[in-house]
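Structure first, commentary second.
The values are calculated or read from the model by the stated rules, or taken from the named source; none is laboratory data. Bear in mind the structure is a predicted one, so any value in this text is a computation, not a measurement. FYI the Cβ positions are ideal-geometry reconstructions off the backbone, even for glycines, and counts take in every protein chain you see. Ligands, DNA and RNA are excluded from the accessible area calculation, which covers all protein heavy atoms including side chains. Shrake-Rupley method; radii C 1.70, N 1.55, O 1.52, S 1.80 Å.
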Amino acid sequence: MNSTEIFSLALGLQEPWFVENVGFNLDGEKRILDIKISHNKSNFWKDKDGKSTIYDHKERTWKHLNFFQHECYIHCNVPRVIDQEGKVIQVEVPWARAGSGFTLLFEAFSMLLIEQEMPVNKVASIMGEYPQRVWNFFRYWLSIAYQKADHKDIKVLGIDETSTKKGHNYVTIAVDMDQRRVVHATPGKGAETITKIADYLEEKGSEKDTIEQVCIDLSPSFISGVQSEFKNAAIVFDRYHLKAQLNKSFDELRITEAKSHAMLKGHKYVFLKANKNLSDRQKEDRHNLITLLPNIGEAYRLKVLFDDFWDLDNTEDSESFLAYWCDLVIDSNIKPLIKFTNLIKSHWSGIVNYTKHKITNGILEGTNSKIQLAKNRARGYRNIDNFISMIYFQTAKLKFNYPQYST
């Protein structure tokens, strides 16, 4: 078996394609492997009368996977043929997709590296390409998978926001809470993003009026957007964001008290972290502080007591508990916590709805964790479209049809 036959076999070529010649060329100090592919005269390009339909040929080049340490390119004079309507079209080749400058195996190996959670810029460096060219075919395969995704008959949504970098270029994501997957992401974080999500879902077969519950944070724009677009949906406020607001109120008190009690400085997280995440020393410090400082002790007791709300099973109990807890806060006269009770009263129904529907924010937290991990690996995203593409790749549970590269 000679070299052309070996490379024909390696590339999986079949009639009418074959490797015509293989050779190395020098490009400065680099040795580049060039593979020339040709085709036989065959019935592939003949009409019913046996006449050739080949109009002309066009020289094309594709970058292939490296041959050992050497760059490798495939070259072919690709025939253009005349179809039944008399139009001139270029023949599709089996080793590359139309319009690409890379072979399918090059793209498949690059996608495999991205699947292994390698940042696209790093993949581009390994493959010896410009990052944007890798992003281009990454987004091509992703767009095909996303268009084919089944997003109809969704009943429960979770909506949250994230950013490309800290404080920059926000993206709003919609999560199918039953399937635990992102179904749509759109730039921005205002009420208009809810409209875009609703429009997308209707296009895919999930009617706005059939959405039963929507889990969101306390953002006024999200609230107004959901009330406008998903009129039949019960709003359930995200447990994580509500607890974050309570922790923020408690920390406001700690900062105020620290002006008079220096012992509070540097102890922010002994009050905010879960008990299981504290060392024995931190637990002892917390016990001493809540014992010695009455306001801190009472506020911490109320903060811990509020967690009992999440375990209630019916609306009557949950409303009674919230009313009782708010009264305790008012009696304590702790101003930061009183501000929090005002927040509860202005969002009462959405908070109580948690008891009815028990939509867990763990799904949104898990989705956000994956997004944050991808963002941290890439050290943020300057291009918001690339960021949204990576969100889909990591969290949308898409099915891709690019060739699978076997390692």
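Taking the stretch 269-289 as the range and being touching a helix residue (DSSP H, G or I) at 6+ places or on another chain (Cβ under 6 Å) and open to solvent by 50 Å² or more (accessible area, probe 1.4 Å) as the test, only Gln282 passes. Summed over the stretch 278-301, residues that are β-branched (Val, Ile, Thr) and in contact (Cβ under 8 Å) with a residue 12 or more places away in the chain total 1. For beta carbons closer than 7 Å, sequence separation of 6+ or different chains, a first residue in the stretch 302-320 that is closer than 16 Å to Thr360 by Cα and in a helix (DSSP H, G or I) and a second that is open to solvent by less than 10 Å² (accessible area, probe 1.4 Å) and at pLDDT 90 or above, the qualifying pairs are Phe309/Ser318; Phe309/Leu322.
The condition (being closer than 30 Å to Lys356 by Cβ and either at pLDDT 90 or above or not aliphatic (A, V, I, L, M) (or both)) is satisfied by just one residue among Lys259, Lys268, Lys276, Lys283: Lys276.
Mind telling me which of the residues Tyr354, Tyr324, Tyr381, Tyr300 ends up being of a type in the set (Phe, Trp, Tyr) and under 30 Å from Leu104 (Cα atoms)?
Tyr381
Which residues, taken from the stretch 229-268, are assigned to a helix (DSSP H, G or I) and exposed (fewer than 12 other Cβ atoms within 10 Å of the Cβ)? Spell out the reasoning first.
Within the stretch 229-268, the first condition is being assigned to a helix (DSSP H, G or I), and the residues that meet it are 229, 239-258, 262-264, 268.
Passing the criteria: only Ala262.
Among what's in the stretch 31-51 and is of a type in the set (Asp, Glu) and free of Cβ contacts under 8 Å to residues at least 24 places away in the same chain, pick the residue that is farthest from Val91 (Cα to Cα). In this case the residue turns out to be Asp49. Picking from residues in the stretch 34-68 that are farther than 17 Å from Ala10 by Cβ, open to solvent by 40 Å² or more (accessible area, probe 1.4 Å) and assigned to a loop (DSSP other than H, G, I, E, B), the one that is modelled with the highest pLDDT is Asn40. If you go through the stretch 156-176 one residue at a time, do you hit one that is surrounded by fewer than 17 Cβ atoms within 10 Å (Cβ to Cβ) and part of a helix (DSSP H, G or I)? Among the residues of the stretch 156-176, not one is surrounded by fewer than 17 Cβ atoms within 10 Å (Cβ to Cβ) and part of a helix (DSSP H, G or I), which makes the answer no.
Name the residues in the stretch 107-133 that are of a type in the set (Phe, Trp, Tyr) and in contact with a helix residue (DSSP H, G or I) (Cβ under 7 Å, 6 or more places away or on another chain), would you?
Going through the stretch 107-133, the residues of a type in the set (Phe, Trp, Tyr) turn out to be 109, 130.
Within the stretch 107-133, Tyr130 is the sole residue that qualifies.
With respect to the conditions (1) touching a strand residue (DSSP E or B) at 6+ places or on another chain (Cβ under 6 Å); (2) open to solvent by 50 Å² or more (accessible area, probe 1.4 Å); (3) among the aliphatic types (A, V, I, L, M), Met118 lacks only one, and its number is (1).
For the stretch 3-19, check the following and say yes or no: at least one residue is touching a residue at least 12 places away in the same chain (Cβ under 8 Å) and on the phi > 0 side of the Ramachandran plot. Within the stretch 3-19 (the criterion being touching a residue at least 12 places away in the same chain (Cβ under 8 Å) and on the phi > 0 side of the Ramachandran plot), the answer is yes, since at least one residue qualifies.
Just for the stretch 69-95: of the residues that are in a loop (DSSP other than H, G, I, E, B) and open to solvent by less than 70 Å² (accessible area, probe 1.4 Å), which one is nearest to Arg133 (Cα to Cα)?
Here is the first cut: in the stretch 69-95, the ones in a loop (DSSP other than H, G, I, E, B) are 69, 83-87, 91-95.
Filter once more, keeping what is open to solvent by less than 70 Å² (accessible area, probe 1.4 Å): 83, 86, 91, 93, 95.
Working: Asp83: 32, Gly86: 34, Val91: 23, Val93: 20, Trp95: 18 Å.
In this case the residue turns out to be Trp95.
For the stretch 383-394, the count of residues that are hydroxyl-bearing (Ser, Thr, Tyr) and either open to solvent by 80 Å² or more (accessible area, probe 1.4 Å) or not in a helix (DSSP H, G or I) (or both) is zero. Candidates Thr355, Thr341, Thr360: the one that is under 27 Å from Pro220 (Cα atoms) and part of a loop (DSSP other than H, G, I, E, B) is Thr360.
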